[in-house]
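Structure, as structure tokens:
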Amino acid sequence: MKKKLLPLFLLGSMLSLFSLQGCAHDALERETETVQLQEDPLSYIRKNYAKDMAVISGKQIEWENARTFKHENNVILISVPVKNESEKLIEELTFRIDGDKVSGHLWKFEAIEKFSAEDHRLGAHEIMKKMTGNVTYIALEGSMRYQIQVVDGKIISDISSARSGDGDMDSCGKKCHGSIEEVVITVPNPPTNPQPPTGPPIPPIVIIPPTNNPNDPCTKAKEGSQKATDNSKNQKFSDAKQGILNNFNQNGKENGVGLGRDTPNGELKATGVQELNANQGSINNPYNYPEADIHNHPENSPPSAGDVYSMIQYYNSHPSFNTRYVVNPNGTVYALVITNPNLFASFIANVPQHQVPGFAPNFSGNMFSDYINISNRETGMAYVLDKYNSGIALTKMDSNGNFKKINAKPNSNGGYSQTPCP
């Protein structure tokens, strides 16, 4: 019996078996890692390719629920669901196998309304049919990123709909999809033993060029802001925050908590509250993969220059570290998030810290002048971190519990104004 031909544009530029006439983004693909694939591609990807990748560090990856796709008896794509605690976010990993090359990508489905508990195990197309919000596609290597908008299960901003009106998931047409013969869905153990399909095939997904400028500060800070938000919704964070404020009410000092994981994809854990000095101190983070820390500022102030420099120093020793929270007695919560650690070396060289014995480090040179000339410390910190290419952004928790990057710019009145990222 002739096998059915399945239209397939597997999760972005997943296959090079056909031309993408209307969705030309191959030029943006990053160079993929060349590997000698094992007999079990899923095992190889899990133990070698994806091991210790910072972008997926700490995520609850459900390797046991991976789905494997084959073409002419060769594994060409593996998709793996990711479980997280946010009810409005679903993530999925995909690994494209093209000959002797593997490239991985992280999908984020960010909905306005809540997903069901098991929706993260659906195929990407089925997830999109159920949502209104944004879908983002990020390369695990490099900085390639795409984003599409979905309203009531329909893509409202993609290449095909821009030419012919809005379109739903099933109507993109061949100009973006192409087809592949004899695609067989198999279970992951063993991936080389084809099994009858147990569910609907993954339908086409349209990918468009980025809607955001990759140099835009909000785009740069988006991933770090989301990570800060996700971890802040963990009960460990809530308990740590309250414990720090309780201790402050008793001792009037800075107090801190370290957050981290024992394994890259393990449970988020928290230390007990640690009493620091009156205005500074180091937080012990004993986990194999330190991820964040939290401390209070007694004077209701935003993160300081000392917080910035010590964060860079700590990251250089522990690359899993990505967020530094500051909680204030008045309820304000900030987070310094890493946007580009590749800038750290040049930032430190251009703006070395100024250290006075007995005091916390401060900025130096023109950066210090710019910082102190802005009376609002929150605005000043956001402004100079961007202006001097620190590789770190200042974010602030909004009324919905989401961390948004603060943007600060000079205004026509000779002062400075700020706006949060959307």
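Readers should treat all values here as calculations from the given coordinates under stated rules, not as data from a laboratory. Just so we're clear, the structure is a prediction, and the values are computed from it rather than from any experiment. Cβ: placed from backbone, ideal geometry, glycine included. Neighbour counts: every protein chain shown.
Quick one: Kirkwood hydrodynamic radius for region 291-422, alpha-carbon pairs, angstrom, one decimal?
15.1 Å
Across region 321-328, in residue order, what do the Karplus-derived ³J(HN,Hα) couplings come to in whole Hz, using 6.51 cos²θ - 1.76 cosθ + 1.60 with θ = phi - 60° and x for Gly and Pro?
Once rounded to whole Hz, the list reads 6, 9, 9, 10, 8, 10, 10, 10.
Indicate the gyration tensor shape class of region 239-363 (rounded, prolate or oblate), computed on the Cα atoms with a ≥ b ≥ c the square roots of the eigenvalues: a/c under 1.5 is rounded; otherwise a/b larger than b/c is prolate and the rest oblate.
oblate
Determine which residues of region 228-250 fall in the zone a paramagnetic label at residue 400 would reach in this model, i.e. backbone nitrogen under 18 Å from the point 7 Å along Cα→Cβ.
Of the residues in region 228-250, 228-234 have backbone N under 18 Å from the label point off residue 400.
List the lysines whose Cα lies under 19 Å from the Cα of residue 101, skipping any in the same chain that are fewer than 8 positions away.
Cα-Cα hits under 19 Å: 47, 51, 70.
How would you rank 352-364, 48-60, highest first, on the average number of other Cβ atoms within 10 Å across their residues?
48-60, 352-364
Each label point is 7 Å from the Cα along the Cα-to-Cβ direction; what then is the distance between the points at residue 262 and residue 116, in nm?
In this crude label model, residue 262 to residue 116 measures out at 3.4 nm.
May I ask you to order 335-345, 110-120 by the average number of other C-beta atoms within 10 Å around their residues, highest value first?
Answer by packing, highest mean first, reads 335-345, 110-120.
Taking 30 Å as R0, compute the FRET efficiency from the Cβ-Cβ separation of residue 387 and residue 288 and round it to 0.05.
With a Förster radius of 30 Å, E is 0.25.
Could you give the dipole magnitude of region 206-339 about its Cα centre, charging the beta-carbon of Lys and Arg +1 and that of Asp and Glu -1, in debye to the nearest 20?
160 debye
Under 1.5 on a/c is rounded, so check that first for region 84-150, then, if it is not, pick prolate when a/b is larger than b/c and oblate when it is not; a ≥ b ≥ c are the square roots of the alpha carbon gyration tensor eigenvalues.
prolate
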